[in-house]
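Trainee: Okay, here's the structure, questions in a sec.
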Amino acid sequence: MKRYIDMIVRYTEDGHIIPLAVRWSAGELFEIDKVLDVQRAASLRAGGTGIRYLCRMKGQERYIWLENDRWFVEGKD
């Protein structure tokens, strides 16, 4: 299941998108410590494809997808 999320991002002058923070539905803001990997990939659990970012937040790694100008994570069913 896709869970759409609000993101704070930075656009570089050469067109790259760098995610900076995730705002969850409860209003919590989590800063992204580091982007570890970026590649085009499918979400096997939630369905859909896009740019997959592997991010480290508060010591935990999490995948975040950018699909057609919307950001999502794989939610629990």
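The values are calculated or read from the model by the stated rules, or taken from the named source; none is laboratory data. This structure is a prediction, so every number in the text was calculated from the model and none was measured. Note that each Cβ is placed from the backbone with ideal geometry, even for glycine, and that neighbours are counted across all protein chains shown. Only protein heavy atoms, including side chains, enter the accessible area calculation; ligands, DNA and RNA are left aside. Shrake-Rupley method; radii C 1.70, N 1.55, O 1.52, S 1.80 Å.
Trainee: How about Lys58: which aspartates and glutamates have a C-alpha closer than 15 Å to its C-alpha, ignoring those fewer than 8 places off in the same chain?
Mentor: Lys58 reaches Glu28, Glu31, Asp33.
Trainee: With viscosity set to 1.567 mPa s and temperature to 4 °C, compute the Stokes-Einstein D of the chain, Rh being the Kirkwood radius across alpha carbon pairs; µm²/s, no decimals. Don't jump to the answer; show the numbers that get you there.
Mentor: Working: Rh = 12.7 Å.
D = 102 µm²/s.
Trainee: Counting only residues 5 or more places away or on other chains, whose amide H sits under 5 Å from the amide H of Trp71 once H atoms are built in the peptide plane?
Mentor: Sorted by chain and number, the residues that satisfy this are Ile5.
Trainee: In addition: Can you work out the accessible area per residue across the chain, with the rest of the protein chains kept in place, probe 1.4 Å, in square angstrom?
Mentor: On a per-residue basis, the chain sits at 70 Å².
Trainee: Write out the GluC sites (Glu not before Pro) in the range 19-64 meeting two conditions: DSSP loop, and at most 11 other Cβ atoms within 10 Å of their Cβ.
Mentor: Within the range 19-64, the qualifying GluC sites (Glu not before Pro) (loop, at most 11 other Cβ atoms within 10 Å) are Glu28.
Trainee: For the range 42-77, state which trypsin sites (Lys or Arg not before Pro) are in a DSSP loop and have at most 14 other beta carbons lying within 10 Å of their beta carbon.
Mentor: Answer in residue order: Arg45, Lys58, Lys76.
Trainee: Would you tell me the accessible area of Ile51, worked out with a 1.4 angstrom probe on the heavy atoms of the protein chains, in Å² to the nearest 10?
Mentor: Accessible surface of Ile51 is approximately 50 Å².
Trainee: Students often forget the sequence filter, so: which aspartates and glutamates lie under 20 Å Cα-Cα from Lys34 once same-chain residues fewer than 8 apart are removed?
Mentor: Partners within reach: Asp6, Glu13, Asp14, Glu61, Glu74.
Trainee: Carbon and sulfur atoms: what percent of the 1.4 Å accessible area of the chain do they account for?
Mentor: On the way: 2430 of 5370 Å².
Accessible surface attributable to carbon and sulfur in the chain totals 45 percent.
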